[in-house]
Amino acid sequence: MAAPNTRGRPDQSEQSRPAPSQHPPVGAAPSEAHDRSRVEVRRSARRSRTVSAYREGDRTVVLIPARLSHAEEQRWVAQMLEKLAAQESRRIPGDEALMARARELSAAYLDDRAHPVQVRWVTNQNSRWGSCTPSEGTIRLSHRLQGMPEYVLDYVLLHELAHLLVPDHGPAFWALLEAYPRTERARGYLEGVVSAARLPHIPGARHADPGPDPEGSCG
């Protein structure tokens, strides 16, 4: 069996089904057991040696050769979940890194006009991806963003930085975000996560009706 990778994508001949239910291995963290309940295994006759995996919304898709046995499938699913988790943990920046990135984004896209005092992760935002308090210069990002692509995290961070300058979602606000070349791509990614996992709506819809913004509002 060739070495696994975690960057594959399904081909047209893949057969999709949920991973077999099984108890987590002894000593497994609760998050690992949770991940197993959201694993989809796709077998492909065209895939002869490689095993790969990727995140799709709140699910993990594992791509395997059709010839693998049930026991081999379970072994590879466990291994790929572990590899993905390790990769994602290495990508998660701490609060200090978030602040540094915020300053870089402000300089690159907002003419260095947004000056946050604090940027940090929070675990109590279940109805929004990010929020800010302009009067205090603080920005809070939902832990749900951890492990998502960097351009998505950058978009949400830039979204909140823009709110330090423009509190609402009027034309002036969206004009600021137009400078970021991956705005639409990031919004599309979050839209897919929302659809797949029924998570909070994406930050401030451009054509939304006037009213409170539950996702990217400034507190």
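Using the Cβ-Cβ distance between Glu96 and Ala71 with R0 set to 45 Å, the FRET efficiency works out to roughly 0.50. Whole-percent P(r), segment 78-168, all Cα pairs, 5 Å bins from 0: 3, 14, 25, 25, 16, 9, 4, 3, 2, 0. Between the residues Ala102, Thr60, Ser48, the greatest Cα displacement towards the positive end of the dipole of segment 46-108, with unit charges on the Cβ of Lys, Arg, Asp and Glu, is found for Ser48. In order along segment 121-136, the Karplus-derived 3J(HN,Hα) couplings, from 6.51 cos²θ - 1.76 cosθ + 1.60 at θ = phi - 60°, round to 7, 9, 10, 10, 9, 9, 10, 7, 8, x, 8, 8, 10, x, 5, 9 Hz, and Gly and Pro are given as x. Ser135 to Glu82: FRET efficiency via 1/(1 + (r/R0)^6), r the Cβ-Cβ distance, R0 25 Å, to the nearest 0.05? The formula returns an efficiency of 0.05 here. Distance between the 7 Å Cα→Cβ label points at Arg120 and Ala107: 2.5 nm. Remark on Val39: its backbone amide H falls under 5 Å from those of Ala19, Thr60, a criterion applied only to residues 5 or more positions apart or on other chains, H modelled at 1.01 Å from N. Projected onto its three principal axes, the C-alpha set of segment 36-138 covers 59, 28, 18 Å, listed from the longest axis down.
Let's see if you can work this out: charge +1 on each Lys and Arg Cβ, -1 on each Asp and Glu Cβ, no other charges. What is the dipole magnitude of segment 58-197 about its Cα centre, in debye to the nearest 20? Walk me through the numbers before you get to the answer.
Numbers: 16 positive and 18 negative charges, 74 e Å.
Using only the charged Cβ atoms, the result is roughly 360 debye.
For Arg182 and Ser48, calculate 0.36 nm times their separation in residues minus their Cα-Cα distance, and state this gained length in nm to one decimal. Can you show the working numbers first?
Numbers: separation 134, 0.36 × 134 = 48.24 nm, distance 3.57 nm.
Fully extending the segment from Arg182 to Ser48 adds 44.7 nm.
Here the Karplus relation 6.51 cos²θ - 1.76 cosθ + 1.60, evaluated at θ = phi - 60°, turns the backbone of segment 40-52 into coupling constants of 10, 9, 10, 8, 9, 5, 7, 8, 9, 10, 7, 10, 9 Hz, with x for every Gly and Pro. Evaluating 6.51 cos²θ - 1.76 cosθ + 1.60 at θ = phi - 60° for every residue in segment 78-85, the Karplus couplings come out as 4, 5, 6, 4, 5, 5, 4, 4 Hz, glycine and proline recorded as x.
Just how many % of Cα pairs in segment 116-194 lie over 22 Å apart, if you round to the nearest whole percent? Show your work: numbers first, answer last.
Values: 582 of 3081 pairs.
For segment 116-194, the fraction of Cα-Cα distances above 22 Å is 19 percent.
The residues of segment 50-117 expose, per residue, 51 Å² of accessible area to a 1.4 Å probe.
The values are calculated or read from the model by the stated rules, or taken from the named source; none is laboratory data. Given the structure is predicted, the values throughout are model-derived calculations rather than measurements. Note that we place each Cβ from the backbone using ideal geometry, even for glycine, and neighbour counts take in every protein chain shown. The area values use the complete protein model at the heavy-atom level, side chains included, leaving out ligands, DNA and RNA. Shrake-Rupley method; radii C 1.70, N 1.55, O 1.52, S 1.80 Å.
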